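Asker: There's a structure below that I have some questions on.
The values are calculated or read from the model by the stated rules, or taken from the named source; none is laboratory data. Just so you know, these numbers come straight off a predicted model, no measurement behind them. Here the Cβ is made from the backbone with ideal geometry for all residues, glycine too, and neighbour counts use every protein chain on show. Heavy atoms of the whole protein, side chains included, go into the accessibility calculation; ligands, DNA and RNA do not. Shrake-Rupley method; radii C 1.70, N 1.55, O 1.52, S 1.80 Å.
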Amino acid sequence: QVQVVESGGGLVQAGGSLRLSCAASGRTFSRYAMGWFRQAQGKEREFVASVNWSGRTTYYADSVKGRFTISRDNGQNTVYLRMNSLKPEDTAVYYCAVGAPDAGTSQWEYDYWGQGTQVTVSS
């Protein structure tokens with residue numbers, strides 16, 4: 001059984017920063033890609049960022065490129081999403097997911113999902 005648990009969400013002012021963490025257990029963490037997705041109220045879930053199994057390949061949505069950084073620590077079975085220069089439009093529930101080794105930007109490439117963590121950016 002794979003467990004995925006996100007943490008680090010909260011309320012922040014526009015221009016501020018947050019770091020989300022995602023701990024995964026139940027599989028050999030280093031063999032799988034990890035992705036972050038988000039869903040704002042009334043909108044569909046969208047891709048944010050992903051990192052492949054080795055950490056050498058990353059993808060970002062255009063809307064977060066240059067502001068967000070995804071990284072992973074295979075020794076700690078954890079993936080991080082550092083979010084800088086946050087904007088009110090970044091407000092959403094952020095989900096972490098475990099996918100195929102070289103999974104990219106499609107949510108259909110990811111098999112296991114966490115419950116999500118709320119990020120709220122005030123203007």
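Asker: Give, as ranges by residue number, the residues of segment 96-114 whose backbone N falls under 12 Å from the point 7 Å along Cα→Cβ of ARG31.
Answerer: Those under the cut-off are 100-101.
Asker: Right, something else. What translational D, rounded to a whole number of µm²/s, comes out for segment 51-123 from Stokes-Einstein when the hydrodynamic radius is the Kirkwood one over Cα pairs, at 20 °C and 1.002 mPa s?
Answerer: Values: Rh = 13.4 Å.
The estimated diffusion coefficient comes to 160 µm²/s.
Asker: Give the accessible surface of segment 8-123 per residue, rounded to a whole number of Å², with probe radius 1.4 Å and ligands, DNA and RNA excluded. Mind dumping the intermediate values first?
Answerer: Numbers: 5990 Å² over 116 residues.
Normalised by residue count, the accessible surface of segment 8-123 is 52 Å².
Asker: Continuing with this model, one more query. Under a crude label model (7 Å from the Cα following the beta-carbon direction), how far is SER63 from GLU109 in nanometres?
Answerer: Label at SER63, label at GLU109, 1.9 nm between them.
Asker: Volume per residue, Å³, of the convex hull around the alpha-carbon atoms of the chain? Walk me through the intermediate numbers first.
Answerer: Working: hull volume 10.9 nm³, N = 123.
Looking at the chain, the number lands at 89 Å³ per residue.
Asker: Could you sort 82-91, 26-35, 101-110 so that the peptide with the highest average Cβ count within 10 Å comes first and the rest follow in order? List each step's numbers first, then the result.
Answerer: Values: 82-91: 16.6, 26-35: 18.9, 101-110: 15.1.
Those peptides, ordered most packed to least, come out 26-35, 82-91, 101-110.
Asker: May I ask you to give the percent of accessible area on the chain that is carbon plus sulfur, with a probe radius of 1.4 Å? Can you show the working numbers first?
Answerer: Details: 2760 of 6500 Å².
Carbon and sulfur: 43 percent of the exposed surface of the chain.
Asker: Report VAL79's accessible area, 1.4 Å probe, all protein chains in place, as a number in Å² to the nearest 10.
Answerer: Solvent-accessible area, nearest 10 Å²: 0 Å².
Asker: Between ALA14 and GLU44, how many nm apart are label points set 7 Å from Cα along the C-beta direction?
Answerer: About 2.7 nm, to one decimal.
Asker: Under 12 Å from the Cβ of ASN52, count the other residues' Cβ atoms, weight Lys and Arg +1, Asp and Glu -1, and hand me the total.
Answerer: Details: positive: ARG31, ARG56, ARG72; negative: ASP102, GLU109.
Neighbour charge sum, excluding ASN52 itself: +1.
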